[in-house]
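*Asks:* Dumping the structure here so I can ask a few things about it.
Every number in this text was worked out from the coordinates using simple rules, so none of it is lab data. Just so we're clear, the structure is a prediction, and the values are computed from it rather than from any experiment. Cβ placement follows ideal geometry from the backbone for every residue including glycine, while neighbour counts extend to all protein chains displayed.
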Amino acid sequence: MTLWTDAHCHLQDQFLSGETHVAANALATLERAFDAGVDRVVVIGTDATTSREALALSDLESPVEIYATVGLHPHEASSDLAPIEVLARTGHARLVGIGECGLDYYYEHSPRGAQRQAFARQISLAHELDLALVIHARDAFDDLRAILASEGVPPRTVIHCFTGTPVDAENCLALGCDISVSGVVTFKNAEPLREAVRLVPLDRLHVETDSPFLAPVPHRGKVNEPGFVSVVGEFVARLREEDVATVRAATATNSGRLFALPAR
């Protein structure tokens, strides 16, 4: 039986906000994930430190296959991108993507100009190295489309933790992007997102936790972890009126294609 793939999670220390059990006991966390039916995770970098940690975590021996990305989050867009470029060119065997990168006009922790420049450079890097591109987009879909149209969408690109409208989803799909769904889809006020998820073709759909953030209902308020991706996936299956096994197999296949993971 095909198991779940968590297409986007953070197991690095920096994300714990005082909690310690997710990263300090990463293997225990992944053992729980395996018990919950998860056999692959992609650990995402957001700056030089967390990108290095993602690569280090991917070297752990675990019942769950661990892969990594390196990238500069839009919140960190004013930082030097050079360390990310160096890490990306190491040829690490478990390095599968660039990101998360993109645009966040909701918080604007970095100036919009810096965000656009860092995003464009990382798109170029994904093209150069033939790696997946993992995009963060919040309240910025117009500029996102413009930059992707200008730079060219890498063949394997995903909008992670998609929270847009059905129109946003259609526009991203038309550009060639896949859509990844997190626990936000289970939230009470997420009906526009649920409408969007219903229209995503099954072969363009991924599920993720974005752990330790955004734990799905009924785990809201807890530290999220990769084992909860099964909760997200089962909710998505019910929402789309599809068999859980079908959604589990399709999303695992899609993430395998997106990140060029080894056949299993």
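*Asks:* Quick one: net charge around Thr50, please, counting Lys, Arg +1 and Asp, Glu -1 for every other residue with C-beta under 11 Å from its C-beta.
*Replies:* Details: positive: Arg52; negative: Asp13, Asp47, Glu53, Glu76, Glu100.
After counting each charged neighbour, the total is -4.
*Asks:* If you don't mind, there's one more thing I want to ask. So who's got an amide H within less than 5 Å of the one on Arg40, skipping anything under 5 residues away but keeping other chains? H placed 1.01 Å off N, in plane.
*Replies:* Under 5 Å from the amide H of Arg40 lie the amide H atoms of Asp6, Glu65, each far enough along the sequence or on another chain.
*Asks:* Add -39500 (n - 2.57) for each DSSP H run of 4 or more in the chain, then divide by its residues: what number comes out at 222 nm, to the nearest 500 deg cm²/dmol? Working shown, then result.
*Replies:* Details: 9 runs with 103 residues, N = 264.
Estimated from H runs of four or more residues: -12000 deg cm²/dmol.
*Asks:* Between Lys222 and Asn25, what is the label-to-label distance in nm when each label sits 7 Å out along the Cα-to-Cβ direction?
*Replies:* Here the answer is 1.4 nm between the modelled labels.
*Asks:* Right, another one. Kindly point out, ordered by number, any Cys in the chain whose beta-carbon has no other cysteine beta-carbon under 4.7 Å away.
*Replies:* Cys with no partner Cβ under 4.7 Å: Cys9, Cys101, Cys161.
*Asks:* How large is the convex hull of the Cα atoms of region 4-258 per residue, expressed in Å³ as a whole number?
*Replies:* Taking the convex hull of the Cα positions in region 4-258, it is 110 Å³ per residue.
*Asks:* Would you please calculate the Kirkwood hydrodynamic radius of region 155-264 over all C-alpha pairs and express it in Å, rounded to one decimal? Working shown, then result.
*Replies:* On the way: mean 1/r = 0.0722 Å⁻¹.
By the Kirkwood definition, the hydrodynamic radius is 13.9 Å.
*Asks:* How much length is gained if the chain between Ser78 and Asp243 is pulled fully straight, taking 0.36 nm per residue apart and subtracting their Cα-Cα distance, in nm to one decimal?
*Replies:* Once the chain is fully extended between Ser78 and Asp243, it gains 55.0 nm.
*Asks:* Normalised by the residues of region 4-258, what does the relative contact order come to in percent, with Cα pairs under 8 Å and at least six apart?
*Replies:* Details: 565 pairs, mean separation 48.0, N = 255.
The value is 19 percent.
*Asks:* Remind me, relative contact order of region 1-91 in percent, using alpha carbon pairs under 8 angstrom and six or more residues apart?
*Replies:* This gives 26 percent for region 1-91.
*Asks:* If you don't mind, there's one more thing I want to ask. Sum up the charges of everything whose Cβ sits under 15 Å from the Cβ of Ala245, counting Lys and Arg as +1 and Asp and Glu as -1, but leave Ala245 out.
*Replies:* Neighbour charge sum, excluding Ala245 itself: -2.
*Asks:* To continue, here is another question. Test of understanding: what is the full-extension gain from Asp203 to Thr49, defined as 0.36 nm times their sequence separation minus their Cα-Cα distance? It would help to have the intermediate numbers written out before the result.
*Replies:* Details: separation 154, 0.36 × 154 = 55.44 nm, distance 3.33 nm.
Using 0.36 nm per residue and subtracting the Cα-Cα distance, I get 52.1 nm.
*Asks:* If amide hydrogens are placed 1.01 Å from N in the peptide plane, which non-local residues have theirs closer than 5 Å to the one on Asp47?
*Replies:* Gly71, His73
*Asks:* Once you treat every alpha carbon in region 142-195 as an equal point and sum by Debye, what is log10 I(q)/I(0) at q = 0.20, 0.25, 0.29, 0.30 Å⁻¹?
*Replies:* Values, matching the q order: -0.70, -0.98, -1.18, -1.23.
*Asks:* Continuing with this model, one more query. Which GluC sites (Glu not before Pro) in region 25-61 sit in a loop by DSSP (not H, G, I, E or B) and have at most 10 other Cβ atoms within 10 Å of their own Cβ? The partial results should precede the final answer.
*Replies:* Numbers: sites: Glu31, Glu53, Glu61; in loops: Glu61.
Filter output for region 25-61: Glu61.
*Asks:* Mind jotting down the distance between the C-alpha centroids of region 97-164 and region 185-264, whole Å?
*Replies:* 21
*Asks:* Under the Karplus relation 6.51 cos²θ - 1.76 cosθ + 1.60, θ = phi - 60°, what is the ordered set of whole-Hz ³J(HN,Hα) values for region 2-12, x standing for Gly and Pro?
*Replies:* Working through the residues one at a time gives 5, 9, 6, 10, 8, 6, 6, 8, 10, 10, 7 Hz.
*Asks:* Once both labels are modelled 7 Å past Cα along the beta-carbon direction, what's the Asp139-Tyr105 spacing in nm?
*Replies:* Spacing of the two 7 Å Cα→Cβ label points: 1.0 nm.
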